[in-house]
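Please read the structure below before turning to the comments.
The values are calculated or read from the model by the stated rules, or taken from the named source; none is laboratory data. Quick caveat: nothing in here was measured; it's all calculated off a predicted structure. Because the Cβ atoms are built from the backbone with ideal geometry, glycine has one as well, and the counts that use them run over all protein chains shown. Heavy atoms of the whole protein, side chains included, go into the accessibility calculation; ligands, DNA and RNA do not. Shrake-Rupley method; radii C 1.70, N 1.55, O 1.52, S 1.80 Å.
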Amino acid sequence: MKELLPVGYYHLVFTIPHELNPLCLKNKTVMYGILFKAASQTLIELSKDTRHLGGDIGLLTVLHTWGQNMMEHPHLHCIMPAGGLSFDRQHWVHTNKKDSFFIHVKVLSRKFRGKFLDLLKQAYEKGELAFQDNLASQGGKADFSALTNRLYNTDWVVNIQAPLGKPEKVLEYLSRYVFRIAITDRRIIEVKDGKVRFSWKDYRTGLYREMKLDTDEFIRRFLLHVLPQGFFKVRYYGIFSSRNRKQNIETARQNLAQETENKKEEALEDGDRVWEKQDTVWNEIMESIQNYHRPNCPACKTGRLRFAGIVWLDQWKPG
């Protein structure tokens, strides 16, 4: 709670194409590391562009590697505040959109695709990728080049969720994602006769279904998502990176607090100006009343007219 800022938060999900799933399983540290880098660099670089935001953002990222059916589905959840620190750290740069993300999803998707495939090529050229077992035939340059070419011509999925609310809601939301595992006990319906029956959500239809697996297959799928020892599935980037996180958060808080104070002062000044304007109008009215002179009689030109009530025109006599 102490690290959450008093602004809205966005939730984005970066997903890699299923064609890369086999390579991820054999190279978890490298491939998941590329996913972290590609997504974070995409958001940070685009946010620095003044056409989008023109500021330094902060990111909290969480890796998930499963789908509802417990098969491979690597994707990265990114939580970021709406806006960022100005480059000179003197104010908070707000996004220009309240109900949608400030960068178009197609721009995000293409940038993410380019970043990921470039990092993937670098890893291949450095010999960091292992092509073992069923991947042995795909390790040649021609095969790898064909794979990356296909992926360049594929639309990559970046899902932008609805903006999150108050910090308390963000914390509640984060707690579900940070500590989530491939399947929870509440989804397991029955374990009987060497079978495991569990519920899963089909996101294509939005309906919940049931699936029954052999115990060995259930365990195999669960173990697909065990991360390498020492691998961090939660990482911070931008102004939230470990080096200057505490100072940046404090600076952001101060800037936002000062902004709120300035708005209050402006509101008071606007109110004072309204009252001053009203006082001026009333002063003019009072001056007109005090300086009012009764008109002369239109007949004798010397007498003063005074209000005596309403009379019919045929009863009116001058004087």
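Summary of computed values
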quantity: Accessible surface of segment 118-187, 1.4 Å probe, proportion on carbon and sulfur as whole %; calculated: 49
quantity: Rounded accessible area of Ile16 (nearest 10 Å², 1.4 Å probe); calculated: 10
quantity: Cβ-defined net charge surrounding Gly194, 9 Å radius [Lys, Arg +1; Asp, Glu -1]; calculated: -1
quantity: Inter-part distance where segment 1-35 and segment 215-231 are each reduced to a Cα centre, Å; calculated: 18
quantity: Heavy-atom accessible area per residue - segment 44-198, 1.4 Å, Å²; calculated: 55
quantity: Extreme residue, positive dipole direction of the chain, given options Leu119, Leu256, Gln132 (C-beta unit charges); calculated: Gln132
quantity: For Gln68, net neighbour charge (Lys/Arg +1, Asp/Glu -1) across residues whose Cβ lies under 10 Å away; calculated: +2
quantity: Accessible area of Val105 in the full protein assembly, 1.4 Å probe (Å², nearest 10); calculated: 60
quantity: Of Gly67, Ser145, Leu213, farthest towards positive along the dipole that unit charges on Lys, Arg, Asp, Glu beta carbons give the chain; calculated: Leu213
quantity: Structure-derived P(r) over Cα pairs in 10 Å bins from 0, in percent: which label, when the choices are (i) 5, 19, 22, 18, 10, 5, 4, 5, 5, 4, 3, 1, 0; (ii) 5, 23, 30, 20, 10, 4, 3, 2, 2, 1, 0; (iii) 6, 27, 34, 23, 9, 1; calculated: (i)
quantity: Charge dipole magnitude, Cβ of K and R +1, D and E -1 - segment 105-150, Cα centre, debye nearest 20; calculated: 440
quantity: Relative contact order computed over segment 146-279 (Cα-Cα under 8 Å; 6+ residues apart), in percent; calculated: 10
quantity: Order by protection proxy (mean Cβ within 10 Å, highest first), peptides 68-75, 192-199; calculated: 68-75, 192-199
quantity: Sites matching trypsin sites (Lys or Arg not before Pro) across segment 1-69 that sit in DSSP coil, with at most 14 neighbouring C-beta atoms within 10 Å; calculated: Lys2, Arg51
quantity: Heavy-atom accessible area ranking, 1.4 Å probe, most first, across Asp202, Asp143; calculated: Asp143, Asp202
quantity: Charge dipole magnitude, Cβ of K and R +1, D and E -1 - the chain, Cα centre, debye nearest 20; calculated: 400
quantity: Total lysine pairs under 26 Å (Cα atoms) in segment 1-91, excluding pairs fewer than 8 apart on one chain; calculated: 4
quantity: For Gln247, net neighbour charge (Lys/Arg +1, Asp/Glu -1) across residues whose Cβ lies under 15 Å away; calculated: +2
quantity: Relative contact order of the chain, defined on C-alpha pairs under 8 angstrom at six or more residues apart (%); calculated: 23
